[in-house]
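Take a look at the structure set out below.
All of the numbers you see were taken from the coordinates with simple rules; none came from a lab. On a predicted model such as this, the values are computed, not experimentally measured, just so you know. Every residue, glycine among them, receives a Cβ derived from its backbone with ideal geometry; neighbour counts consider all protein chains shown.
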Amino acid sequence: MFNNFKTKSKKSSLIVCLLLLLNGSIFLQASNCCFCDFQEIGRQIIHETDQATTFYCLQPANKGHLLVIPKRHVEHFKDLTPGELVSIQGEINILADIFEKLYGTPDFFIIQKNGKKAGQTIPHLHFHVITSPDSIHTTMHHAINYRDTLADAELTERVDEIKEYLRQK
Ligand SMILES: [Zn+2]
C-alpha cells in the first residue's frame, strides 16, 4: 500500500510529507507519525476502507476501546473532507455493532481532541470510541488516567476476536 512509499528518515527534524495519488485520492502522510506507519499500527487494525482505518487501542480504557483515523495525515477535525467524515462514521457504526453484539454493551462515547491544550498527544486526527459498560464516570476515569499497555498476546487475542466476528457477519 501507500505506506511503502513513505520516507523513513527520522534524523531530520523536518517533517517530510509525500503527496501520493492513489485510487483517485490524494493522500498526505507525515514521515514521523506513528498513525501513518503501517508497521506501528498494522497488528492493531480490525477494519479499514480507502479513507479510514480502525484499530485497537494499545492502552485501552476498557475492553471496548478502539481508534478511528482518516488515512490521510490531518491534524484537526476541520481538515477532514466530507468523504472522510462519511468513512469515519461508517467505521464508528461498525464499532457500535461490535460493542453491542460481541461485547453486549450498546452504550459508548466518542472523544476527539484538537490541539495540545485539548489533550491531543498524537498530531494525527483520531477518534477514541469507547464502550461505557458501567457509568460514564467510571469509564471517563479509566479513559483520562494512566492506562497499562496491553501485552502482545492479549492484543492479538482481542484483535482476532473482532476480525473473526466481522468475517462471520
Ligand atoms: Zn499521520
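Pairs meeting the criteria (first residue in region 33-44 and part of a helix (DSSP H, G or I), second residue within 11 Å of the ligand (Cβ to nearest atom) and of a type in the set (Asp, Glu), beta carbons under 6 Å, at least 6 apart or on different chains) are 34/40. Taking the listed residues 77, 55, the one that is under 23 Å from residue 34 (Cα atoms), among the aromatic types (Phe, Trp, Tyr) and surrounded by 15 or more Cβ atoms within 10 Å (Cβ to Cβ) is 55, with no other qualifying.
If you go through region 104-147 and pick out every residue that is surrounded by fewer than 17 Cβ atoms within 10 Å (Cβ to Cβ), of a type in the set (Gly, Ala, Ser) and not in a loop (DSSP other than H, G, I, E, B), you end up with 1. Among residues that are away from the ligand (no atom under 16 Å from the Cβ) and under 29 Å from residue 31 (Cβ atoms), residue 162 is not included. Flag not set for residue 53, criterion: farther than 24 Å from residue 162 by Cβ and β-branched (Val, Ile, Thr). Number of residues in region 60-109 that are touching a strand residue (DSSP E or B) at 6+ places or on another chain (Cβ under 8 Å), over 14 Å from residue 166 (Cβ atoms) and among the charged types (D, E, K, R): the value is 5. In region 106-139, the qualifying residues are those that are without any contact (Cβ under 8 Å) to a residue 40 or more places away in the chain and of a type in the set (Ser, Thr, Tyr), and the one that is nearest to residue 95 (Cα to Cα) is 132.
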